[in-house]
Amino acid sequence: MNDLIGRVFDFEKRVFPSNDLYAKLAVDGQSPKALIISCADSRVVPELIMQADPGDLFVCRNAGNIVPPFATQNGGVSSTVEYAVLALGVRDIIVCGHSDCGAMKALMNPELLEGMPNVAAWLRHSHAAEGVVRAGYGPLANNERVRAASLENVVVQLAHLRTHPAVAAGIARGEISLHGWFVDIHQGVMLGLDGETGRFLPIRDDRPLPVALAAAQRLAMGEEYAEAAE
Ligand SMILES: [Zn+2]
């Protein structure tokens, strides 16, 4: 910890004064390019993976990269999502899971949750992923089951995102794209969910980015009923 405190002093003395971006952001305010909801795991650092600068990413992290479905009870993730979409105008939302996830290991091996009632309750938001793996996959080794659960959990949390009114409205207007990512921390490889096929594919610079839900107007009555663009 002392080592980390030393880096705080270095930030104050060297990093902050040498980067004009901090001053600009403090005056102009933030306009992040995306909201990313990732696991709290210390090995998964969204800003480093995306080589993002301050101001680039609005970040929400928790155990298991979970987005509770919309409910009348308030929550931190729900509030972060709502603020990002309505106040900051974020158009891209990424849910990012990873390999060797402790939360997903616990989801698939509940005996690991003894004495952790809060984690157990939190992981109820991922039970659909556990159900998909149990019902949809054949026999898997434990590490494969955890990997499958981690991937399916990203799919489940993206579905939860769509229950939030601000997100649902943005999707209907064709303003919001959803992305499901998975960081393989063993291989240093990023996978992206292709919403068309439901499969995760490696993100490559010579291929289009796999998108879970591309921005497109989606109105049940048809686009001829859309509010006229102003
Ligand atoms: Zn994790």
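The values are calculated or read from the model by the stated rules, or taken from the named source; none is laboratory data. Note that this is a predicted model, so its numbers are computed, not measured. As a convention, Cβ positions derive from the backbone with ideal geometry for all residues, glycine included, and neighbour counts pool all protein chains shown. Remember, those area values only see protein heavy atoms, side chains included, never the ligands or the DNA or RNA. Shrake-Rupley method; radii C 1.70, N 1.55, O 1.52, S 1.80 Å.
Quick rundown of the values:
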| read-out | value |
| --- | --- |
| Residue pairs meeting the criteria (Cβ under 8 Å; at least 6 apart or on separate chains; first in a loop (DSSP other than H, G, I, E, B), in segment 119-142; second of a type outside the set (Gly, Ala, Ser)) | Tyr137/Arg145; Leu140/Val133 |
| Within segment 28-64, tally of residues that are of a type in the set (Ser, Thr, Tyr), within 16 Å of the ligand (Cβ to nearest atom) and open to solvent by 30 Å² or more (accessible area, probe 1.4 Å) | 1 |
| Qualifying residue in segment 123-135 (condition: open to solvent by 20 Å² or more (accessible area, probe 1.4 Å), within 16 Å of the ligand (Cβ to nearest atom) and either at pLDDT 95 or above or more than 15 Å from the chain's Cα centre (by Cα) (or both)) | yes |
| Residues (open to solvent by 20 Å² or more (accessible area, probe 1.4 Å), modelled with pLDDT of 95 or more and outside any strand (DSSP E or B)) located in segment 167-195 | Ala168, Ala169, Ala172, Arg173, Gly174, Glu175, Gly195 |
| Members of segment 65-90 found to be in contact with a Phe, Trp or Tyr (Cβ under 7 Å, 6 or more places away or on another chain) and within 16 Å of the ligand (Cβ to nearest atom), listed by number | Ile66 |
| Options Leu4, Leu25: the member that is open to solvent by less than 100 Å² (accessible area, probe 1.4 Å), outside the structural domain of Asn65 (by TED's automatic domain parsing) and modelled with pLDDT of 95 or more | Leu25 |
| Helices (runs of 4 or more DSSP H) fully within segment 1-81 counting 3 or more residues that are under 19 Å from the mean Cα position of the chain (by Cα) | 46-49 |
| Total residues in segment 86-102, condition under 15 Å from Arg162 (Cα atoms) and open to solvent by 20 Å² or more (accessible area, probe 1.4 Å) | 3 |
| Residue that is farthest from Leu35 (Cα to Cα), among those in segment 91-112 that are more than 13 Å from the ligand (Cβ to nearest atom) and touching a strand residue (DSSP E or B) at 6+ places or on another chain (Cβ under 7 Å) | Arg91 |
| Test result for Gly115, at pLDDT 95 or above and either open to solvent by less than 10 Å² (accessible area, probe 1.4 Å) or within 11 Å of the ligand (Cβ to nearest atom) (or both) | no |
